[in-house]
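Structure record follows, encoded as structure tokens.
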Protein chains: 2
Amino acid sequence: MAKQKIEVCYSPALFPYYENPNAVVVVTDVLRASSAIVSAFMNGVERIIPVGTLEEARDYKNRGYMVAAERDGIVRDFADFGNSPYNFTPERVGGKQIVYSTTNGTNAIQLASSGSQVLIGAYLNINALAEYIKGSGKDLLVLCAGWKNKFNLEDTLFAGALSELVLKDHDYGTICDATLGAMDLYDAAKGDMMGYIKKVAQRHRLKANNLDDVIAYCHEFDTTDLIPVLEENYLVPLRDIK
Amino acid sequence: MAKQKIEVCYSPALFPYYENPNAVVVVTDVLRASSAIVSAFMNGVERIIPVGTLEEARDYKNRGYMVAAERDGIVRDFADFGNSPYNFTPERVGGKQIVYSTTNGTNAIQLASSGSQVLIGAYLNINALAEYIKGSGKDLLVLCAGWKNKFNLEDTLFAGALSELVLKDHDYGTICDATLGAMDLYDAAKGDMMGYIKKVAQRHRLKANNLDDVIAYCHEFDTTDLIPVLEENYLVPLRDIK
């Protein structure tokens, strides 16, 4: 019998049914918020303050903060820049605090913040995440940001990939149908991930706005071992709070 | 460009994000409520009144109705019988009205009743359903009953199977990630459905209560062309309201 369990929650709207005080919560929004957040820490950002509403983001902007904010893929006029990982360059974010608000990802982070430890997950840091979780002795709950509370495939595939890595540790097990489904979908996709991703709804949305240049980048494995973690109301690298 | 769209909703809790007044809603709870309902109509039941709460079910019982009611697989003491399709025999239900309340399925039916036409779907009537939908000129929304608002695999596989059948009509298309995911999971499972179903959480729950004798039966295709439809607050065969 496994000591620790894995569950996957496909939508922020389902989080109340999966909430687990014994779990590390990994929030993922592969296209693009969680990939952008991991990239920002790779490029030296000091802190990221995720905010749910545009009103909060605008308020921070008026108080002098640098703000990244988008809705439906489009950067908002008051913001310094939008949601592409390519925006979070060392020149722009190195040593800075950034306020960040997106359609799905930052709301999911705020939602998860009610209890457990909250980490930000992307392919870019997937093996570092898996190693940390296995060392934690905690359950794993993957919270997919989805699309406006609907299921999305790209976050589900990531959840499947992360679950497979953590399940290599036999202290972990799962009887969660959503986790089993995510792993089966990842197995169906992983042989040709870029081919599979062509059909997902978010790829069509990004392409319609000429924003699909980031898709391959957001599916690169292990470009970093940095893990963003939520501390109070802001994200910092996990190493900074150890 | 397809004229009609297909969407799949994995949980009653997500229904508000998928609700579509132009859709036929197919509610499914393969293990076991929707399979039991289809079986009851095959065996001559006149009407089924789905009720959400046990209090409502008990109230009907006190008013002299025959009541099928269970929670977590266990028949309730005040009820005449529980949730196995095998309970709905011709001797017991033929020509009768039955009140029915289950953990997930009957709540999902009530939830879906707010607008569109609501049909009950199971493998037992899957091709009849697909033919009816293709003739309707309406969108298709499959509402999976899930398990206490969590995702479940067996309803998702059915949603994938039904979507594949309806998509053979080129007037239908989908850009819904949940539909694409359901079809990919069905494709992964269909070569050995009984092998695949061994891992799903509901099979473990049924087995723990010696109720897993119905699993093969609930995955038989096309034993009937009867389609239960919601009319006001009760289910009748679709043919009766044409």
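Computed from the coordinates by the stated procedures, all read-outs in this text should not be read as laboratory data. All of these numbers come straight from a predicted model, not from anything done at the bench. Here Cβ is always computed from backbone atoms with ideal geometry, including for glycine, and neighbour counts include all displayed protein chains.
Put the label 7 Å from Cα along Cα→Cβ for residue A:194; what are its distances to the other copies, in nanometres, shortest first?
Taking the point 7 Å beyond Cα along Cα→Cβ, the inter-copy spacings are 4.4 nm.
If you plug each phi of segment A:7-16 into the Karplus form 6.51 cos²θ - 1.76 cosθ + 1.60 with θ = phi - 60°, what whole-Hz ³J(HN,Hα) values come out, in order, with x for Gly and Pro?
So the J values, rounded to whole Hz, are 9, 10, 10, 7, 7, x, 5, 9, 4, x.
Work out the FRET efficiency for residue A:148 and residue B:91 from their Cβ-Cβ distance, taking R0 = 56 Å, and round it to the nearest 0.05.
With R0 = 56 Å, the Cβ-Cβ based efficiency is 0.70.
Amide H of residue B:11: which non-local residues (sequence gap of 5 or more, or other chain) have their own amide H closer than 5 Å, using H built in the peptide plane?
B:144
Tell me the distances, shortest first, between residue B:135 and the same position across the other copies, using label points 7 Å along Cα→Cβ, in nm to one decimal.
6.4
Residue by residue through segment B:170-179, which ³J(HN,Hα) values in whole Hz follow from phi under the Karplus form 6.51 cos²θ - 1.76 cosθ + 1.60 (θ = phi - 60°), with glycine and proline marked x?
Karplus-based 3J(HN,Hα) across segment B:170-179 equals 6, 6, 9, x, 8, 10, 8, 4, 5, 5 Hz.
Each label point is 7 Å from the Cα along the Cα-to-Cβ direction; what then is the distance between the points at residue A:169 and residue A:240, in nm?
About 2.5 nm, to one decimal.
If you add up the charges near residue A:143, with Lys and Arg at +1 and Asp and Glu at -1, over every other residue whose beta carbon is less than 11 angstrom from its beta carbon, what do you get?
Its environment carries a net charge of -4.
Could you list which residues have their amide H under 5 Å from that of residue B:175, counting only those 5 or more apart in sequence or on another chain, with H placed in the peptide plane?
B:6
For a label point 7 Å from the Cα of residue A:221 along Cα→C-beta, name the residues of segment A:185-213 whose backbone N is under 13 Å from it.
A:187, A:190-193
What is the Cα radius of gyration of the protein assembly as shown over 2.2 N^0.38 Å, N being its residue count?
Compactness ratio reported: 1.03.
Given the pairs A:199/B:198; B:3/B:168; A:3/B:190; A:3/A:148; B:150/B:207, which span a C-alpha to C-alpha distance of over 23 angstrom in this model?
Check vs 23 Å cut-off fails for A:199/B:198; A:3/B:190; A:3/A:148.
Could you tell me which of rounded, prolate or oblate describes segment A:1-101, using a ≥ b ≥ c as the square roots of the eigenvalues of the alpha-carbon gyration tensor, with rounded for a/c under 1.5 and, failing that, prolate when a/b is larger than b/c and oblate otherwise?
prolate
Hey, how many Å between the Cα centroid of segment B:45-120 and the Cα centroid of segment B:124-196?
24
Under 5 Å between amide H atoms, partner at least 5 residues away or on a different chain: which partners does residue A:100 have, H built in plane at 1.01 Å?
When sequence neighbours closer than 5 places are left aside, the close amide H contacts are A:49, A:51, A:68.
Out of all DSSP beta bridges in chain A, what portion is antiparallel? Express it as a percent rounded to 5.
Percent antiparallel among DSSP bridges in chain A is about 25.
Per DSSP H run of n ≥ 4, the term is -39500 (n - 2.57); total these for the protein assembly as shown, divide by its residue number, and report the mean residue ellipticity at 222 nm rounded to 500 deg cm²/dmol.
Calculated at 222 nm, the ellipticity per residue is -10000 deg cm²/dmol.
Rg/Rh for segment A:124-214 to two decimals, with Rh computed the Kirkwood way over all alpha-carbon pairs.
Expressed as Rg/Rh, it is 1.00.
Considering only the label points, 7 Å along Cα→Cβ from Cα, what distances in nm to one decimal separate residue A:223 from the same position in each other copy, shortest first?
5.4
By the scheme Lys and Arg +1, Asp and Glu -1, what is the net charge of all other residues having a beta-carbon under 15 Å from that of residue B:169?
Surrounding charge for residue B:169 is +1.
On a 0 to 90 degree scale, rounded to 10, what angle separates helix A:126-136 from the longest Cα axis of chain A?
Result, in degrees: 60.
Considering only DSSP beta bridges with both partners in the protein assembly as shown, what is the antiparallel share in %, to the nearest 5?
25
Calculated FRET efficiency, residue B:114 and residue B:136, Cβ-Cβ r, R0 22 Å, to nearest 0.05?
Result of the calculation: an efficiency of 0.75.
Count, for each residue of B:166-178, the Cβ atoms from other chains sitting within 10 Å of its Cβ, then give me the mean as a whole number.
Mean partner-chain Cβ count within 10 Å for B:166-178: 3.
With angles folded into 0 to 90 degrees, how steeply does helix B:153-167 sit against the dominant principal axis of chain B? Use alpha carbons for both and round to 10.
Relative to chain B, helix B:153-167 is tipped by roughly 50 degrees.
Taking a ≥ b ≥ c as the square roots of the eigenvalues of the Cα gyration tensor of segment B:4-230, is the shape rounded (a/c under 1.5), prolate (a/b larger than b/c) or oblate?
prolate
If the cut-off is a Cα-Cα distance under 12 Å, which aspartates and glutamates reach residue B:96, setting aside same-chain residues fewer than 8 apart in sequence?
Candidates past the 8-residue exclusion: B:46.
Taking each residue of A:8-15 in turn, how many C-beta atoms of other protein chains fall within 10 Å of its C-beta, and what is the average?
Across the residues of A:8-15, the mean count of other-chain Cβ atoms within 10 Å is 4.
Only Cα pairs under 8 Å and at least 6 apart count here; give the relative contact order of chain A as a rounded whole percent.
33
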